[in-house]
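Below is one structure, written out as structure tokens; comments come after it.
Nothing in this text is a laboratory measurement; each read-out follows from the coordinates by a stated rule. Keep in mind it's a predicted model, so treat the numbers as computed, not measured. Cβ atoms come from the backbone with ideal geometry, glycine included; neighbour counts cover every protein chain shown.
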Amino acid sequence: MNAGKILLYGSILVLTACGPSTKIEKSWTDPSFSPATVQSYKKVLVMGLLKNEGTRRIVEDKMVASFKNVTGVQSYSYLQPGDTVRSIIEDKLKKDGFDGVVIMHLADVDKSVSYVPGTTYGGWYGYGYGFYGGYGGSPGYYQQDKTYYVETNFYSLTENKLLWSATTSSLNPDKLDRTVDDIIASLKGQLQKQKLIK
């Protein structure tokens, strides 16, 4: 599965998890990007553009751990605070043998309100010397939902262009590790569908 992992690891999400509610919303592939070109990448820088440093490290570590036959390097262990000029960073990457970059970032957070119906059940309850019909349950209520959209892009340093991009959505995520895993799995499925990986 080698380089295909490149993309899917980019899949990094920086949010938290919610199994089936994490899915691919849209994706785009450059016409020149094929299984052959995917397998040609050997060293990739993984960047999680997240405000929280701890979350960034978790995301980048998980992405890099997913690679097979491709050397992935976390940006937090490679880039320095003074590395802010794109052209200089690109020259440094090429000099150090990098040929690709995976970048993941939180693109948007959508808030909405949904209604959760209540539950009702009936039965007979004994009390004193007689019986009476009783009903119980819980009332319905409104809840605020949050959908997190994460965009993952794969850039070629050798061709200097974007080769693949995908946006995933996660509804009401609650666990970072699990969500990142779900995102990676969703990206992997999309890459397999496009026959970029097996």
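Kindly state, to the nearest 0.05, the FRET efficiency for Glu90 paired with Lys195, given R0 = 25 Å and r defined as their beta-carbon distance. Before the final figure, lay out each step's value.
Values: r = 30 Å, r/R0 = 1.18.
FRET efficiency, Glu90 to Lys195: 0.25.
Rank by packing, highest mean first: peptides 26-35, 178-187, with packing defined as the count of other Cβ atoms within 10 Å averaged across residues.
Working: 26-35: 14.1, 178-187: 24.2.
Per-residue Cβ counts within 10 Å, averaged per peptide and sorted highest first, yield 178-187, 26-35.
Just how large is the dipole of segment 36-121 about the Cα centre, in debye to the nearest 20, putting +1 at every Lys and Arg Cβ and -1 at every Asp and Glu Cβ?
On the way: 12 positive and 10 negative charges, 36 e Å.
The calculation lands at about 180 debye.
Students often forget the sequence filter, so: which lysines lie under 19 Å Cα-Cα from Lys95 once same-chain residues fewer than 8 apart are removed?
Lys42, Lys43, Lys161
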